[in-house]
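Contents: one structure, followed by commentary.
The values are calculated or read from the model by the stated rules, or taken from the named source; none is laboratory data. Computed from a predicted model, the values in this text were never measured in an experiment. Every residue, glycine among them, receives a Cβ derived from its backbone with ideal geometry; neighbour counts consider all protein chains shown.
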């Protein structure tokens, strides 16, 4: 079977750092994606990891450990606009099929 | 370059009816995937098309079907609508590099409400 777990909701303060974890159990792992989705909008691509390690992109970083079935998304210098849902998705080797977690709703307060 | 477009954006139907949703991928993208998003289940994969062929299918009943045209535009159809089909239907396109995962870009979705 396939299972992806993320916390349902997290809260943080503007300017702080937050780490959103994702654990997965899937077959045929072909990389892990993080997407951001604001309420009522389409998911937008944030990052892709296929090898172990940290990928940094501005204020956002994503980490992957394939042996542990674990990833995290790190958001630094939080801004109010970062309030959104963050979706972890694993790519199977079955071409373009993505298996999504239920998402983590992040609330950033002043 | 224009993004993924979906029409219509909102749709209200009654149980038993059928519905067709349309998706135009980013120019040059050949793979189109469809997802259903509900508050309880999150995003769930419906199917994926490439070169007018369904390559991958999720665990949805046969009432859900789709097709892709030669210009890569895609449609999905839901027949005999049920209340539980109320959801946001998202289309995503990607270039399709073959066997490796490629970034999927999502459209704004079609919000379907079944009464």
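Mind listing whichever residues of region B:31-59 are facing chain A (nearest Cβ under 10 Å) and outside any strand (DSSP E or B)?
Correct list: B:39, B:40, B:41, B:58.
Going by the structure shown, is residue A:72 at pLDDT below 95 and assigned to a strand (DSSP E or B)?
no
Looking for whichever is in contact (Cβ under 8 Å) with a residue 12 or more places away in the chain and on the phi < 0 side of the Ramachandran plot here; the options are B:65, B:51. Which one fits?
B:65
Do you know which residues across region A:89-110 are crowded, with 19+ Cβ neighbours inside 10 Å and more than 10 Å from chain B (Cβ to nearest Cβ)?
A:104, A:106, A:108
Yes/no matrix, rows are residues, columns are (1) at pLDDT 95 or above; (2) crowded, with 21+ Cβ neighbours inside 10 Å; (3) touching a helix residue (DSSP H, G or I) at 6+ places or on another chain (Cβ under 7 Å):
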position	(1), (2), (3)
B:3	no, no, no
B:7	yes, no, no
B:17	yes, no, no
B:28	no, no, no
B:43	no, yes, no
B:68	yes, yes, no
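Conditions: (1) closer than 18 Å to residue B:43 by Cα; (2) surrounded by fewer than 17 Cβ atoms within 10 Å (Cβ to Cβ). Residue A:50 meets all but one. Number of the miss?
Among (1) closer than 18 Å to residue B:43 by Cα; (2) surrounded by fewer than 17 Cβ atoms within 10 Å (Cβ to Cβ), the lone unmet condition for residue A:50 is (1).
Yes/no matrix, rows are residues, columns are (1) within 12 Å of chain A (Cβ to nearest Cβ); (2) without any contact (Cβ under 8 Å) to a residue 12 or more places away in the chain; (3) in a strand (DSSP E or B):
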position	(1), (2), (3)
B:17	no, no, no
B:93	yes, no, yes
B:102	yes, no, no
B:108	yes, no, no
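Is it the case that some residue within region A:63-73 is away from chain B (no Cβ under 11 Å), under 20 Å from residue B:45 (Cα atoms) and touching a strand residue (DSSP E or B) at 6+ places or on another chain (Cβ under 8 Å)?
No - not one qualifying residue is present in region A:63-73.
Quick check, is residue B:77 in contact with a strand residue (DSSP E or B) (Cβ under 6 Å, 6 or more places away or on another chain), more than 9 Å from every other protein chain (Cβ to nearest Cβ) and either assigned to a loop (DSSP other than H, G, I, E, B) or surrounded by fewer than 18 Cβ atoms within 10 Å (Cβ to Cβ) (or both)?
yes
Just for strands (runs of 3 or more DSSP E) wholly inside region A:1-62: which have at least 3 residues that are under 12 Å from the mean Cα position of the chain (by Cα)?
Here the list reads A:18-25, A:29-37, A:44-49.
Give region B:60-74 a look and list any residue that's closer than 27 Å to residue B:28 by Cα, in contact with a strand residue (DSSP E or B) (Cβ under 7 Å, 6 or more places away or on another chain) and either within 11 Å of another protein chain (Cβ to nearest Cβ) or part of a loop (DSSP other than H, G, I, E, B) (or both), or say none.
B:72, B:73 - these are the residues of region B:60-74 that are closer than 27 Å to residue B:28 by Cα, in contact with a strand residue (DSSP E or B) (Cβ under 7 Å, 6 or more places away or on another chain) and either within 11 Å of another protein chain (Cβ to nearest Cβ) or part of a loop (DSSP other than H, G, I, E, B) (or both).
Select from region A:56-75 the residues that are farther than 24 Å from residue B:90 by Cβ and surrounded by 14 or more Cβ atoms within 10 Å (Cβ to Cβ) and list them in ascending order.
A:61, A:63, A:64, A:66, A:69, A:70, A:72, A:74
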